[in-house]
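Read the structure below first, then the notes.
The values are calculated or read from the model by the stated rules, or taken from the named source; none is laboratory data. Small disclaimer: the values here were computed from a predicted structure and weren't measured. Glycine also receives a Cβ, built like all others from the backbone with ideal geometry; neighbour counts cover every protein chain displayed. What goes into the accessible areas is simple: the full protein's heavy atoms, side chains included, and nothing from ligands, DNA or RNA. Shrake-Rupley method; radii C 1.70, N 1.55, O 1.52, S 1.80 Å.
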Amino acid sequence: GDGGGGLIKKKKNKKNKKKPPPQKLVFVDGSWYHRPDPITNLFRNPSLEFQTGPRLPNARYLDMDAIASSQELFPERNPKGLMHMMPTGRLFRLAMDAFGISGGAGSGMDDHVDHVIIYAKRGALFIPRIWFSFVSMGHDPDRVHLMQGSLEDWIEEGGEVEDFSLLGSEDGEREGTVGYGFERFFDQGILNVTRLFHEYYHTEEVQTRYRSSVEEALNICGKQDVLNAVNAFLEQGESKRNGDGLVDDNTIIIDTRGSGYKRKGHMPSAIHLPYSQLASADNPLVLRPKEELRKLFIERGIDVMNPKQKIILSCGSGVSVCHGYLAMKILGREMTEENTRIYDGSWMEWGRDDEDNPKIFPTI
């Protein structure tokens, strides 16, 4: 089959559109490393590791740094050169078409929304960000899941994998992993997003098959929204704050960084909930049980079950926040565009020397 991805040219295919194949299971490798390997002290190369294998059968490798609003591709959207900012709807849809992934919101053809399972290798921590990318770009949230545990855990349990190398191989030999007509955008199994962008992004007759009406990532906010929340907190003054540093009927800011919260400074009013505490101590790719997650929020005075309580999540660069967002989703928080948002720029933007934002710096 053609994997469900491809082009609908406006003129030629009006009468003879290809019927997409039925829903399928798609494995997505979301491995990404924010610091060097603790043993070798070298940065791992997740795309190369994907190419050499092993990997889950017919998996795709999704690089959050490539499928992004980078300064290189979107200088007007990202003039500050911030890392892995959320992509535009069109870039995400083109990437999904290239991967042969059908999806978006069902709209009466639910059986053609692929079921995506995201996984990573041992040592990678941040696959909730890949999950959030799919959900915030309009993929049916009931058809996006995270594998609990690593690829190595899967192998140790006897799970099936591909262990052949894609290096030096002809692309397209892995059945259905490349959308119809997108073969030339892959280099030995890895999507070349820059080439895809330059050839297709501004070409109007290239229509995307991936069904989603989302043009800007959902549940995302910018610096001004955070500034409004911080200023409201500061204006209310000490008298109106309760003991936890929270303001009644106002926006809570949760900061999910690890040591950076105290080491680099933080926003006034930001409540520290390190992403590592939301994951199992034994296996960082497994989230803690619901009861333990709930306790972490309650201990900080955060009522995640109150939909009127507005929450903004911030971290170092908009990645570990997705642990917090996912934890609240698992606890059953009623998420809306207004009440739960991720600050995409996070401390990477807020903490810059040239940014005149209220900051609390560490006391030495």
Separation between the N228 and D142 pseudo-spin-labels, each 7 Å from Cα along Cα→Cβ, expressed in nm?
3.3 nm
Taking protein heavy atoms only, a 1.4 Å probe, and rounding to whole percent, the accessible area of the chain owed to carbon and sulfur comes out at 50 percent
What accessible area, in Å² to the nearest ten, does a 1.4 Å probe give for R90?
40 Å²
On the full set of protein chains, 1.4 Å probe, figure out the accessible area of F361 and give it in Å² to the nearest 10.
130 Å²
Per-residue SASA entry for V286, accessible area with 1.4 Å probe, Å² rounded to 10:
40 Å²
Note the angle between two axes, namely the Cα long axis of helix 89-99 and the longest principal axis of the Cα atoms of the chain, as a number of degrees from 0 to 90, rounded to the nearest 10.
40 degrees
In the list (i) 19.9, 68; (ii) 29.8, 88; (iii) 21.1, 70, the entry giving Rg and Dmax of the Cα atoms in Å computed from the coordinates is (iii)
Starting from the amide H of I311, placed 1.01 Å from N in the peptide plane, find each other amide H under 5 Å away whose residue is 5 or more places distant or on another chain.
I252, T340, R341
With axes computed from alpha carbons, what is the tilt in degrees of helix 127-136 against the longest principal axis of the chain, rounded to the nearest 10 within 0 to 90?
80 degrees
Considering only protein heavy atoms, what per residue accessible area in square angstrom results for the chain with a 1.4 angstrom probe?
47 Å²
Can you tell me the orientation of helix 223-240 relative to the chain, as the angle in degrees between its alpha-carbon axis and the longest Cα principal axis, to the nearest 10?
20 degrees
For V28, residues with placed amide H under 5 Å, excluding near neighbours:
R60, I117, I118, Y119
